[in-house]
1. Just the residues that are out of contact with any Leu (no Cβ under 6 Å at 6 or more places or on another chain) and within 14 Å of residue 13 (Cα to Cα), please, taken from the range 91-102.
2. Taking the range 54-73, which residues are farther than 16 Å from residue 13 by Cα and either in a helix (DSSP H, G or I) or in contact with a helix residue (DSSP H, G or I) (Cβ under 9 Å, 6 or more places away or on another chain) (or both)?
3. How do the helices (runs of 4 or more DSSP H) wholly within the range 104-173 filter down when requiring 3 or more residues that are at negative phi and among the hydroxyl-bearing types (Ser, Thr, Tyr): which remain?
4. From the list 182, 108, exactly one residue is surrounded by 15 or more Cβ atoms within 10 Å (Cβ to Cβ) and either touching a residue at least 60 places away in the same chain (Cβ under 8 Å) or touching a helix residue (DSSP H, G or I) at 6+ places or on another chain (Cβ under 7 Å) (or both). Which is it?
5. Tally time: how many residues in the range 248-282 are assigned to a loop (DSSP other than H, G, I, E, B), free of Cβ contacts under 8 Å to residues at least 12 places away in the same chain and either out of contact with any Asp or Glu (no Cβ under 9 Å at 6 or more places or on another chain) or over 24 Å from residue 214 (Cβ atoms) (or both)?
6. Quick check on the range 80-95. Is at least one of its residues in contact with a Phe, Trp or Tyr (Cβ under 9 Å, 6 or more places away or on another chain), aliphatic (A, V, I, L, M), over 26 Å from residue 201 (Cα atoms) and not in a helix (DSSP H, G or I)?
7. Going by the conditions given, is residue 137 within 14 Å of the chain's Cα centre (by Cα) and among the aromatic types (Phe, Trp, Tyr)?
8. Checking the structure you have, find out if any residue of the range 118-141 is farther than 20 Å from residue 14 by Cα, touching a residue at least 60 places away in the same chain (Cβ under 8 Å) and surrounded by 24 or more Cβ atoms within 10 Å (Cβ to Cβ).
Amino acid sequence: MPKPDLRHAKAYVVTGPTSGIGRLAALELAKHGTVILAGRDRAKLDVMQRRIVRGGGKAVAVTLDLSDVASARRAAAEIAALHLPIAGVLNNAGMREAVPTKSAQGWDRTFATNHLGPFAFTEALIPHLADGTTIVFVVSAVENPERPMAKRAGFLGGRYISAEASARGEWKSPNSKVPGFDSYATSKQAALAAALELARENPRLRVNAVEPGLIMNTGLSRHASLRMRIRAHVIFPLVQPFVKAMSTQSKASRLLARLMRNDAGATGIYYDESGDAMKQTSQEVRDPDFTKRVVAETRALLAEVG
C-alpha cells in the first residue's frame with residue numbers, strides 16, 4: 001500500500017498491537033497521531049495498518065519478536081530510521097506459557113518476552129527519543145505476593161533470583177503449583193523494577209508502569225484450562241463491575257492511551273487499573289537496591305547477545 005507522509009505527525013509506538021488491549025489502545029492512539037505497530041505477525045500488522053488508514057489515521061508496521069533480543073534491537077533501529085517525532089512508547093506485548101519453551105537465545109520465552117525483549121527494545125530506542133517522551137510498561141500486580149486475587153489464583157509473587165537464573169527458567173522457592181505462574185510473575189516484577197529504575201536514570205524522559213487490571217478474556221488465557229476459559233468468558237464478565245481489581249479490554253485500553261498521552265508529564269509512577277498510583281507493591285520493588293540490581297543484571301545478560 002502507498003506510504004503516507006508521516007514526517008510531521010506525533011507518533012506512538014505500540015508493541016503487541018494486533019490483539020487485546022494493545023489493539024484497542026493502538027486504535028485509540030491513532031486519533032492523536034501516527035501509530036507505529038510493532039508485532040510478530042506481519043499479516044496481522046498489515047490488517048491493523050489498513051484498518052487505521054481506512055479510518056483516516058496513519059500507521060506504519062514494524063516486525064518485532066520480543067522473545068528474540070536481536071529482533072528487538074533490529075526493530076528499534078528500523079523505528080529510529082523512520083525519523084518520526086515519537087511522543088510515546090507502549091511496551092504492551094506479553095505472554096504466559098503453561099509449558100515453558102525457549103527463545104532464540106535459549107532463554108525462558110516468557111521471561112524473554114515480558115522483560116528482556118522490552119528492556120532491550122526500549123534501551124535501543126532511548127537515544128533516539130526527544131526530551132519529554134513517555135514510555136509505559138504494562139506490568140502485573142501478581143508480582144506482589146500479598147495481592148489478594150493473585151494469592152487466591154495461586155500466584156506466589158515474583159520469584160526473582162537473578163536475571164541469569166530467570167533466563168534459565170529457575171525461580172526462588174517455594175514455587176507455585178500452577179505451571180507458568182512463577183515465570184509470568186517474575187518477568188512482570190523484573191519489568192516493573194526496570195521501569196522504575198529507568199525513570200530514575202533518565203529524568204529527561206517520562207517512564208511509568210501500569211497494572212491494567214485483571215482481564216480474563218485476553219490472549220494470556222489461551223493456555224488456561226477449559227474450566228478457566230469458560231469462567232473467563234462467561235462468569236467473570238458478570239462479576240467484573242463489582243470487583244475493583246478487574247477490568248475490561250475497552251477500559252484498560254483507554255487507560256493505556258491516556259497514560260501514553262501523559263498530559264501531566266508524570267514519571268516514575270506505577271499506576272493501578274483505575275489510573276491511580278498503586279498503593280501496594282512487593283517488598284522487592286519498593287527497594288531501590290533491588291531495582292538497580294535487576295537493571296544491572298539485565299544489562300549484563302543482554303551484553304552477551306552480539
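1. Those that are out of contact with any Leu (no Cβ under 6 Å at 6 or more places or on another chain) and within 14 Å of residue 13 (Cα to Cα): 91, 92.
2. 54, 55, 67, 68, 69, 70, listed by residue number.
3. In the range 104-173, no matching helices (runs of 4 or more DSSP H) lie anywhere.
4. 108
5. Count: 3.
6. yes
7. Answer is yes for this residue.
8. yes
The values are calculated or read from the model by the stated rules, or taken from the named source; none is laboratory data. None of these values were measured; they are calculated from a predicted model. All Cβ positions, even for glycine, are placed from backbone atoms using ideal geometry, and neighbour counts span all protein chains on display.
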